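S.K.: Please read through the structure below; I'll follow up with questions.
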Amino acid sequence: MRIAVLGINHGYAFAKHFNHMSDVELVAVAGRSDLSKQRAASLHVPIYADYKQLILECELDGVVITLPNALHKEAVETCADKGVHILLEKPIASTVDEAKEIISYCAQRKVHLMVGHHRRFSSKITKLKELIASGLIGDLIGVNMLWVLAKDKTYYNDTWKVEEGGGPLLINGIHDIDNLRYVTGLEFRRVYASSHNKIRNNSVEDSASILLEASNGITANYFISDGIPSPWSYELTVGENSDYKQIDEDCYHFFGTKGSLSFPSFRMFSYTEEGYGWKEDLKEEKYEVKSNDPLKDEASHFIDIVRGLTTPLVPGEEALKTLEVLEAIKLSMNKKNIVSLNKVMYKTH
């Protein structure tokens with residue numbers, strides 16, 4: 001299998017995994033920065049400043065696209081025109097309309113499209129989904145989620161990250177929203193969101209509070225900020241990426257009629273039938289889950305797709321549903337009102 005990686009920041013992890021796979025050849029990478037050139041040298045592969053030139057000149061079976069969000073549609077169409085299967089980093093696009101065009105274009109060209117919601121490959125997310133589906137906590141009533149940390153100040157040197165189409169909600173929050181949809185199976189119908197940019201005063205949000213309501217009335221509260229020192233985020237608590245210092249805290253809590261479950265500690269709290277109620281002792285159980293490297297497993301899954309052995313775990317249609325929730329959240333932020341989701345349009349109240 002001949003593979004290329006477009007964008008060698010987040011894409012560097014994929015490139016390293018491909019370099020260690022048997023029967024997989026990392027043909028080239030695309031990038032422009034000095035760091036990208038250094039990484040290409042360490043991988044012993046050529047680097048193209050123009051990703052389109054790479055696609056036109058190289059014979060490829062698959063491509064990983066980790067370019068800025070605004071380039072996703074253009075890059076996908078360039079690859080699809082060459083009949084190359086695609087792993088597209090999340091979000092699938094900056095807008096729902098662009099996402100639909102991407103899905104349609106790949107279907108017309110008969111190429112596989114997989115979207116990089118890599119946490120669906122996490123052993124911990126898989127276990128969380130299993131526990132909720134098992135009825136361990138009874139009927140799910142509500143969810144509380146936090147993604148609060150302080151990014152390095154140099155992170156914002158890339159201008160696209162502080163302009164429309166960037167921001168923590170679309171870059172980071174989309175992971176949490178996709179996790180929420182995946183582990184609960186909920187389809188959200190109404191959202192209300194309030195955001196501000198008081199930390200950096202950029203055109204995009206640096207923090208937001210969000211209330212999501214599912215079609216069956218279950219609600220989820222979500223607070224996100226990328227400018228506050230805090231231990232409560234997926235990256236710092238789950239321990240799947242060695243670039244982050246792991247902290248023994250939780251970032252998600254699930255509340256059910258039989259008990260409550262925290263993540264990623266997998267601590268379950270409930271009462272016994274004989275001693276039920278707030279004056280009684282809570283019973284605590286803890287579930288152990290072995291960590292894995294979701295990106296590595298995602299890369300392997302993509303190679304299996306290219307080989308024709310399986311179909312995408314995260315097809316474009318699933319990524320579209322997650323993006324629809326994100327777009328409704330953004331609309332609620334702008335309109336300062338409740339937004340209802342349906343298949344035709346968003347309604348504000």
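S.K.: Would you please name the residue that is surrounded by the fewest Cβ atoms within 10 Å (Cβ to Cβ), looking only at residues in segment 253-284 that are closer than 17 Å to Asp139 by Cα, among the aromatic types (Phe, Trp, Tyr) and in contact with a strand residue (DSSP E or B) (Cβ under 6 Å, 6 or more places away or on another chain)?
M.R.: Checking each candidate, the answer is Phe269.
S.K.: Residues that are over 20 Å from the mean Cα position of the chain (by Cα) and either open to solvent by less than 10 Å² (accessible area, probe 1.4 Å) or without any contact (Cβ under 8 Å) to a residue 24 or more places away in the chain (or both): does segment 173-186 have at least one?
M.R.: No, because not a single residue in segment 173-186 is over 20 Å from the mean Cα position of the chain (by Cα) and either open to solvent by less than 10 Å² (accessible area, probe 1.4 Å) or without any contact (Cβ under 8 Å) to a residue 24 or more places away in the chain (or both).
S.K.: Of all residues in segment 287-332, which are among the aliphatic types (A, V, I, L, M), without any contact (Cβ under 8 Å) to a residue 60 or more places away in the chain and open to solvent by 50 Å² or more (accessible area, probe 1.4 Å)?
M.R.: If the condition is that a residue be among the aliphatic types (A, V, I, L, M), without any contact (Cβ under 8 Å) to a residue 60 or more places away in the chain and open to solvent by 50 Å² or more (accessible area, probe 1.4 Å), then Leu309 is the only one that fits.
S.K.: How many residues does segment 23-32 contain that are without any contact (Cβ under 8 Å) to a residue 24 or more places away in the chain and either of a type in the set (S, T, N, Q) or in a strand (DSSP E or B) (or both)?
M.R.: Result for segment 23-32: 1.
S.K.: Within segment 40-95, track down each residue that is among the acidic types (Asp, Glu) and assigned to a helix (DSSP H, G or I).
M.R.: Once the filter is applied, which keeps residues that are among the acidic types (Asp, Glu) and assigned to a helix (DSSP H, G or I), segment 40-95 yields Glu57, Glu74, Glu77, Asp81.
S.K.: Part of a loop (DSSP other than H, G, I, E, B), touching a strand residue (DSSP E or B) at 6+ places or on another chain (Cβ under 7 Å) and either in contact (Cβ under 8 Å) with a residue 12 or more places away in the chain or surrounded by fewer than 16 Cβ atoms within 10 Å (Cβ to Cβ) (or both), is that true of Arg200?
M.R.: In short, yes.
S.K.: Give Asp158, Asp81, Asp97, Asp152 a once-over and let me know the one that is out of contact with any strand residue (DSSP E or B) (no Cβ under 8 Å at 6 or more places or on another chain), open to solvent by 40 Å² or more (accessible area, probe 1.4 Å) and closer than 20 Å to Glu240 by Cα.
M.R.: Every option except Asp152 fails the conditions.
S.K.: Evaluate segment 216-234: report whether one residue or more is at pLDDT 95 or above and assigned to a helix (DSSP H, G or I).
M.R.: Yes, because at least one residue in segment 216-234 is at pLDDT 95 or above and assigned to a helix (DSSP H, G or I).
The values are calculated or read from the model by the stated rules, or taken from the named source; none is laboratory data. On a predicted model such as this, the values are computed, not experimentally measured, just so you know. All Cβ positions, even for glycine, are placed from backbone atoms using ideal geometry, and neighbour counts span all protein chains on display. Accessible surface is based on the protein model in full, side chains and every heavy atom, while ligands, DNA and RNA are left aside. Shrake-Rupley method; radii C 1.70, N 1.55, O 1.52, S 1.80 Å.
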